[in-house]
Amino acid sequence: MGQLDYNLLLRWFVGLNMDDAVWDPTVFTKNRERLLAGDIAEAFFARVLAQARERGLLSDEHFTIDGTLIEAWASLKSFKKKDAPRRPPDDPGNPTVDFHGERRSNVTHMSTTDPDARLVRKAKGHEAKLAYQGHVLMDNRHGLAVEGCVTRASGYGERAAALEMLGHVATTKRVTVGADKGDATRDFVEALRLVQVTPHVAQNTSNRSRAIDERTTRHAGYGVSQWKRKRVEEIFGWLKTVGLLRKTRHRGRRRVNWMFIFGLAVYNLVRLRNLAEATG
């Protein structure tokens, strides 16, 4: 809102002339709340997906599921014990916090800045951060996102979101879904088969009791799914660089989910343009 006073590009984008008065910031805030309440991001995403379907660019059989961490707009200093008494900080702008010797978990602690964010680490040896988990269901034919959502980060969130999103597409025929070896658990594989989804999950070679065996891997389609599923990283890479979702600028799962779905819709638009140029 501050840049509208001098940024001509932003004025052109929102329809203001050079000498027009800039709105009060509360106008923007009220309109943002209307967009959130009206599910505009979901409607926009559905319209873009409908264009792809009309052009015959979507498959209704082969998909990929994956998730990524989205860093929350909250610092580790805000991650405090839920029942701890509130004390005035020594420095309101940058308080001193000593975590030495304190065991912190999502069960006992919560961020006072963004209560929906969860403390999570990407892998062993990585630093823990407050984050959300973004999930994408990708169509394998041209790498378009067909479903997406944001959940509170947890060790089981990706699998639960995958089953929910696949339940929307696996209604008329049996479909396949590719996934990384982090999802190669017996419970998840069995749950996929119960909803008529063939699990083309990467094998976890470090686990002796493998959830995926030669009954699945011997088919040529399994290799194709493993090759195609790498394209989902292009979606996450675009969202975190161009889509500004490496670290969210919003607080609360509802708003972060809104921006995530909106970002997926824009990614699909860019992808559709590139496909149109490639085909002449």
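Among ASP39, ASP139, ASP183, the residue with the largest mean-square fluctuation in a Gaussian network model of the chain, with springs joining Cα atoms closer than 10 Å, is ASP39. Between THR205 and ARG249, the contour length at 0.36 nm per residue exceeds the alpha carbon distance by 12.0 nm. For region 19-72, what class follows from the C-alpha gyration tensor (a ≥ b ≥ c being the square roots of its eigenvalues): rounded when a/c is under 1.5, otherwise prolate if a/b is larger than b/c, else oblate? In terms of gyration-tensor shape, prolate. 3J(HN,Hα) along region 236-245, derived from phi through the Karplus expression 6.51 cos²θ - 1.76 cosθ + 1.60 where θ = phi - 60°, amounts to 5, x, 5, 4, 8, 9, 6, x, 6, 10 Hz, with x in place of Gly and Pro. For region 102-189, a/c is not less than 1.5, where a ≥ b ≥ c are the root eigenvalues of the C-alpha gyration tensor, and a/b tops b/c. That puts it in the prolate class. The label-point distance for LYS81 and THR108, in a model that sets each label 7 Å from Cα toward Cβ, rounds to 0.8 nm.
In this structure, ARG121 and GLU190 have a Cβ-Cβ separation that, at R0 = 25 Å, corresponds to a calculated FRET efficiency of about 0.35. In order along region 105-110, phi translates into HN-Hα couplings of 8, 6, 6, 9, 10, 7 Hz, rounded to whole numbers, per the Karplus curve 6.51 cos²θ - 1.76 cosθ + 1.60 with θ = phi - 60° and x for Gly and Pro. Comparing LEU244, LEU144, LEU192 in a Gaussian network model of the chain where C-alpha atoms under 10 Å apart are linked, the largest mean-square fluctuation is found at LEU244. Under a 5 Å amide H cut-off, with hydrogens placed 1.01 Å from N, PHE63 pairs with ASN140, THR176, VAL177, GLY178 among residues at least 5 apart or on other chains. Remark: the Cα gyration tensor places the chain in the oblate category, a/c being 1.5 or greater and a/b not exceeding b/c. Among the trypsin sites (Lys or Arg not before Pro) in region 122-189, those placed in a DSSP loop whose Cβ has at most 10 other Cβ atoms within 10 Å are LYS124, LYS173.
For LYS80, the residues whose modelled amide H falls within less than 5 Å of its own, excluding neighbours fewer than 5 places apart on the same chain, are MET110, SER111, THR112. Dividing the summed -39500 (n - 2.57) terms of all DSSP H runs of n ≥ 4 by the residue count of the chain sets its mean residue ellipticity at 222 nm at -11500 deg cm²/dmol.
Amide H to amide H distances under 5 Å link LEU245 with LYS240, where only residues 5 or more positions off or on other chains count and H is placed in the peptide plane.
The phi-based Karplus calculation (6.51 cos²θ - 1.76 cosθ + 1.60; θ = phi - 60°) puts the 3J(HN,Hα) values of region 37-47 at 5, x, 6, 5, 4, 5, 5, 4, 4, 5, 5 Hz, whole numbers, x for Gly and Pro. Each of the GluC sites (Glu not before Pro) that DSSP puts in a loop and that has at most 13 other Cβ atoms within 10 Å breaks the chain; the longest unbroken stretch is 128-280. For region 1-48, the list of chymotrypsin sites (Phe, Trp or Tyr not before Pro) that fall in a loop by DSSP and count at most 14 other C-beta atoms within 10 angstrom reads TYR6, TRP23.
Applying the criteria of a DSSP loop state and at most 16 other Cβ atoms within 10 Å to the trypsin sites (Lys or Arg not before Pro) of region 241-273 yields ARG246, ARG249.
The numbers here are math on the coordinates, done by the rules we state, and not lab data. Predicted model only: the values in this text are computed from it and were never measured. Because the Cβ atoms are built from the backbone with ideal geometry, glycine has one as well, and the counts that use them run over all protein chains shown.
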